[in-house]
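**Student:** First, the structure itself, so that you have it in front of you.
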Amino acid sequence: VQNRTVFVFRAPLGARTVQERAEAAAQRIRSLADADVADTVSASEIPEGLLFSVGGRPLLAITPADLDAREGETLEQARTRVSGNLTFAIQAEREQRSLIHVLWAVGSALLATIAFIVLLRVLQRLRRVAVARMPEVAGPRLPSLSISGFTLLSADQILGFLRRGLELVAWGLGLFGAYLWLTYVLTRFPYSAPWGEALGSYLVETVKELTLGALGAIPGLFTVVLIFFATRFLARLVTTVFQAIETGEVSVTWVHADTVQPTRRLVTALLWLFALVVAYPYLPGSGSDVFKGVSVFVGLVLSLGSSGVVNQAMSGLVLMYARALKPGDYVRVDETEGTVVELGLLSTKVRTNKQELVTIPNAVLVGTTTKNYSRLAGDGDGDGVILYTSVTIGYDTPWRQVHALLIDAAIRTPGLRDEPRPFVRQTGLSDFYAEYQLNAVIERPEERVAVLSVLHSNIQDCFNEVGVQIMSPHYETDPGTPKIVPRDAWDPAPYAGSIVSSRDGAGVRRPDVDGRGEPTGDGLASGTSRIP
């Protein structure tokens, strides 16, 4: 009746079907609009169920079979609901047939329409004025958004965003006004009143739900804020403790100085992850299907794309806690040699002697042999990294002379320590030559390439000064005489004199060697004669 549902018949009554019962009840309600009777609805019990009447005129009867079994409805509940619906239906039918009411409704709708049009014009005017004056008022006060010298948004771009935002606000207000206007106009007419009431109730319910949701989220947000500040306090406390350990103010045995920084970062990250897990249930909407869907999507993305990242991160932790290298160390990784400038969680950066910055994934470092030239470079006696190089000399050159020449070349080379003294090892006796390896402790391992170059130059100079060839002889037939050193030439003086040059320009005695190849204390090997 007048677009309103009074009652739904679900079972026939006597010889009448449900359709016939509904049509007859609607006709009796409509005919009641012209009758001069009160609108008071009464419900009396009959053997079949309940009979609803107005002014002694029966309108409809309901039986237990008509009740909504899914909702568990009872006759008493149906009595209250049907009585209210009948009252509204009769009133709507009478208002629809009242000329005065119709004229009043049309007038109200026209006034509301005029007010809505005026509101749209005002909003349009205000939008135009605001957009036109925005460059003059807000333009000079808008700074550019920059990070570390890089401009993310210029002032003109920010101004453009503000203009679009203002237009969106104007459109939003206009649409909200249209919603209110439509709701008001529909409620003016009896037939369309249910639609207007539905729009109004939807708006009210939405606002109510949002308000109650916001109020209900306050305790959870308060808990999240408390967790955030507590975690922040603990993170700062952890940072302070580890800084004290790093500077030596606090001494502990469970963490090494080289692993202080990665341990601090790891503990801080674990604290924040634990705080996120604890705070998650208190976040507004954490139990909603949308939040669950986003969580599943993020977890799937991380599972598919983070396998390589996790591998690199675990390799980085292995490098940090194994203390294989640290920033400042001079290392060699496969074909890359240089100084470590950064040891990150995912990769390590090495600056080579050619000023090339090489990025090496941590997983590659873990699976490759790494030489660290700086880790054992100490300052005390017996400490330090040994720089070595090899030469091959024919068997017709006395090995004692080769030893002395190599040691003298090491003494001349800047960047090599005098103590412990350089020494030579014979690493092989090949078919055509002997292999000699010169060993000396380097002062600064990061200068290894440059020092090795100077050492090679000094070796050539020392051998050239006494006429000893640096070569590895080969022959196709046996020589006419054996390639041996006579006994009376086993201990020749390496130089024509006992004074040789040094790296600081001052003369020093030649470091002769004894029968075992070690330097002697008096500068000359036993039994040697000087070359005039």
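The values are calculated or read from the model by the stated rules, or taken from the named source; none is laboratory data. None of the values given here were measured: they were computed from a predicted structure. Glycine also receives a Cβ, built like all others from the backbone with ideal geometry; neighbour counts cover every protein chain displayed. Surface areas here come from the heavy atoms of the whole protein model, side chains and all, with no ligands, DNA or RNA. Shrake-Rupley method; radii C 1.70, N 1.55, O 1.52, S 1.80 Å.
**Student:** At 1.4 Å probe size, with no ligands or nucleic acids counted, give the accessible surface of Leu266 in Å², nearest ten.
**Tutor:** 70
**Student:** Hey, another quick one. Taking the full set of protein chains and a 1.4 angstrom probe, give the accessible area of Ser251 in square angstrom, rounded to the nearest 10.
**Tutor:** Its heavy atoms expose roughly 110 Å² to the probe.
**Student:** To continue, here is another question. At Val294 and Ala24, where each label point lies 7 Å from the Cα along Cα→Cβ, what is the point-to-point distance in nanometres?
**Tutor:** In this crude label model, Val294 to Ala24 measures out at 5.9 nm.
**Student:** With a cut-off of 19 Å, note down the residues of the range 109-141 whose backbone N falls inside the zone around a label point 7 Å from the Cα of Asp156 toward its beta carbon.
**Tutor:** 131-141
**Student:** Pick out, in residue order, every one of the chymotrypsin sites (Phe, Trp or Tyr not before Pro) in the range 78-178 that is DSSP loop and has at most 14 other C-beta atoms within 10 Å; say none if there are none.
**Tutor:** Working: sites: Phe88, Trp104, Phe116, Phe150, Phe161, Trp171, Phe176; in loops: none.
Listed in order of number, the matching sites amount to none.
**Student:** Here's something else I'd like to know. Could you order Asp289, Asp418 so the one with the most accessible surface comes first? Probe is 1.4 Å. Could the numbers behind the result be given before it?
**Tutor:** Numbers: Asp289 125, Asp418 75 Å².
My answer, sorted largest first, is Asp289, Asp418.
**Student:** So how much accessible area does Glu48 have, in Å² to the nearest 10, using a 1.4 Å probe?
**Tutor:** Accessible surface of Glu48 is approximately 90 Å².
**Student:** Can you tell me the length gained on complete extension of the stretch Trp272 to Arg141, counting 0.36 nm per residue apart and subtracting the Cα distance?
**Tutor:** On the way: separation 131, 0.36 × 131 = 47.16 nm, distance 3.79 nm.
Separation in residues times 0.36 nm, less the Cα-Cα distance, equals 43.4 nm.
**Student:** Subtract the Cα-Cα distance of Ala198 and Ala489 from 0.36 nm times their separation in residues, and report this length gain in nm to one decimal. Don't skip to the answer; put the middle values down first.
**Tutor:** On the way: separation 291, 0.36 × 291 = 104.76 nm, distance 11.98 nm.
Full-extension gain reported as 92.8 nm.
**Student:** Further, regarding this structure: Can you sort Glu443, Glu167, Glu476 by 1.4 Å-probe accessible area, starting with the largest? Walk me through the intermediate numbers first.
**Tutor:** Values: Glu443 95, Glu167 70, Glu476 190 Å².
Solvent-accessible surface, decreasing: Glu476, Glu443, Glu167.
**Student:** How high is the FRET efficiency between Leu215 and Leu168 when r is their beta carbon distance and R₀ equals 25 Å, given to the nearest 0.05?
**Tutor:** Numbers: r = 27 Å, r/R0 = 1.09.
My answer for the efficiency is 0.40.
**Student:** Let me make sure I get this right: for the range 10-69, a, b and c are the square roots of the gyration tensor eigenvalues over alpha carbons, sorted descending. Under 1.5 in a/c it's rounded, otherwise prolate if a/b > b/c, else oblate. Which is it?
**Tutor:** Oblate shape, in that a/c is at least 1.5 and b/c is the bigger or equal ratio.
**Student:** Nearest 0.05, what FRET efficiency do Arg10 and Arg323 give at R0 = 60 Å with Cβ-Cβ as r?
**Tutor:** Details: r = 82 Å, r/R0 = 1.37.
It comes to 0.15.
**Student:** Also: Shape of the range 82-139 from its Cα gyration tensor (a ≥ b ≥ c, root eigenvalues): rounded if a/c is under 1.5, otherwise prolate when a/b > b/c, or oblate?
**Tutor:** Details: a/c = 10.95, a/b = 3.18, b/c = 3.44.
Note, shape of the range 82-139 comes out oblate.
**Student:** Please report how far the C-alpha centroid of the range 48-75 lies from that of the range 384-405, rounded to the nearest whole angstrom.
**Tutor:** 119
**Student:** Next up: Between Val250 and Thr389, what is 0.36 nm times their sequence separation minus the Cα-Cα distance? Round to one decimal in nm. Walk me through the numbers on the way to the answer.
**Tutor:** Working: separation 139, 0.36 × 139 = 50.04 nm, distance 4.39 nm.
Taking 0.36 nm per residue and subtracting the Cα distance, the gain is 45.6 nm.
**Student:** In terms of solvent-accessible area of protein heavy atoms at a 1.4 angstrom probe, what is the ranking of Val204, Val402, highest value first? Can you show the working numbers first?
**Tutor:** On the way: Val204 90, Val402 0 Å².
So the residues, ranked largest to smallest area, are Val204, Val402.
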